[in-house]
Structure formats: C-alpha cells, structure tokens
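A short write-up of the structure that comes next.
Readers should treat all values here as calculations from the given coordinates under stated rules, not as data from a laboratory. Computed from a predicted structure; not experimentally measured. Neighbour counts run over all protein chains shown; Cβ positions are idealised from the backbone, glycine included.
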Amino acid sequence: MSKFADYFFFRGKHVCPSSLCFTFDNALRKLIHNPDKILQLYIRQGDNILDVGPGMGYFTIPMAKMAGVTGRVIAADIQEKMLAAIKKRAEKGAVEKRIALHLSKTASLGVSVMVDFILAFWMAHEVPDKSGFFAELHSLLKDGGKLLLVEPKIHVTKAKFASTLQIAQKAGFTPVESPHISLSMSALLVKTKS
C-alpha cells in the first residue's frame, strides 16, 4: 500500500509544476487556509519576510499587506512562471512595492537580506538537500526570528516530517509549537540568539 500511496500522491517527486498550481491556489482555498488566521501571530508591521517557494503568491500578497508600507516580502522561487504570476497579483493588490521577486537556483536561494520571518509552506518536501536548505534559512534569519514550516499530509508522511524537523534542529532551529493548520503538519521554529 505504501508504494501505491507514494505513486498516487506524487511522493518523492520534486518541484510542483506551475501547471498544477490551480489545484491548491484558488479562491476556495481560503476556506481551508486563511492566510490572515494562519500568519497574523507571526508577522508585524515593518517585518522583512522571506516566502520560500511561494508558488503563485497565495501567502505572499497577504503577508505584504500584514507587513505594511515599511515591510517587505522576498518571494524566492526557482520557477520564473511563479514569479510572473506573483508580479501580476501584487500589482492587482497594490502591494508590488512591498514585494521583491527573486529567482533562486535549485542548490541555493541566493538571498542575502536578513529577515524577521520565513514561511516554507508545502514546499520543503521538494528540496533535495534539506541540510543545506535549513542551514541557508538559518543564516538569513535574525536572532529570535521565526520559521513556519508547513508540509501537506497527503505528500509527506509523519516519519518524513519528523526527519525534516531533525534536520532543521541540526541547522540551529528550536521548535516552539505545532500550530494547527488544516491538511498539514506544521512547526513553528525559532532561531535562538547566537
């Protein structure tokens, strides 16, 4: 059964293609994943935020609004089509000046700005080098900053999520809570002061 589930739910596949984004980036998703409810406790006006693997910007646009005119969201993705979609949505939402689009490479985000908050929503399972990934996130996060790691239950087993958390902890993150997010496993991680 496990091999069938792996095949059926695309487990072990890397990088969701832009052609499938409509399946999880649409108006109905707000009933399940309301960005304001999920993120309001973690984002303050003026925060610098990193949205890793943002897809078409489902969380990027609301985070830009939460961060306010003095805040900034860096949307880092390896797919140009995703970033182009975010640009259109940001212009429509009048937050384009608060969002920096960043085309990353597969091996590295290539971001050099220190941030207060990082969101990795339903994307860490796509990263081939998780140790390098979490080490890079740790280096970009300010002391006391938070990383919200969320993975989809349909793609990621409990064992895989536990393994991912161990890798994040080895990189220097401390788990502080497991927020309830529908259809997901999640952990709020903090970078303790060096």
Review point. Pick from region 154-169 the residues that are in contact with a helix residue (DSSP H, G or I) (Cβ under 8 Å, 6 or more places away or on another chain) and farther than 22 Å from Asn48 by Cβ: which of them is surrounded by the most Cβ atoms within 10 Å (Cβ to Cβ)?
Key: Thr164
Revision key, fill the gap. When restricted to Gly110, Gly132, Gly144, the only residue assigned to a loop (DSSP other than H, G, I, E, B) and out of contact with any helix residue (DSSP H, G or I) (no Cβ under 7 Å at 6 or more places or on another chain) is Gly110
Check your understanding: Of the residues that sit in region 88-133 and are in contact with a Leu (Cβ under 9 Å, 6 or more places away or on another chain) and among the β-branched types (Val, Ile, Thr), which one is surrounded by the most Cβ atoms within 10 Å (Cβ to Cβ)?
Key -> Ile118
Check your understanding: Just checking, how many residues over region 33-77 are part of a strand (DSSP E or B), buried (at least 22 other Cβ atoms within 10 Å of the Cβ) and touching a residue at least 60 places away in the same chain (Cβ under 8 Å)?
Key -> 4
**Study point:** Candidates Lys37, Lys81 - the one that is of a type in the set (D, E, K, R) and more than 17 Å from Thr106 (Cα to Cα)
**Key:** Lys37
Practice item. Output the number of the condition that Glu151 fails; it satisfies all remaining conditions of (1) surrounded by 14 or more Cβ atoms within 10 Å (Cβ to Cβ); (2) outside any strand (DSSP E or B). Key: (2)
Practice item. Might you check whether a residue that is in contact with a Phe, Trp or Tyr (Cβ under 8 Å, 6 or more places away or on another chain), surrounded by 16 or more Cβ atoms within 10 Å (Cβ to Cβ), among the small types (Gly, Ala, Ser) and assigned to a helix (DSSP H, G or I) occurs anywhere in region 170-191? Key: no
Check your understanding: Of Ala94, Ala84, which residue is under 16 Å from Pro62 (Cβ atoms) and among the small types (Gly, Ala, Ser)?
Key -> Ala94
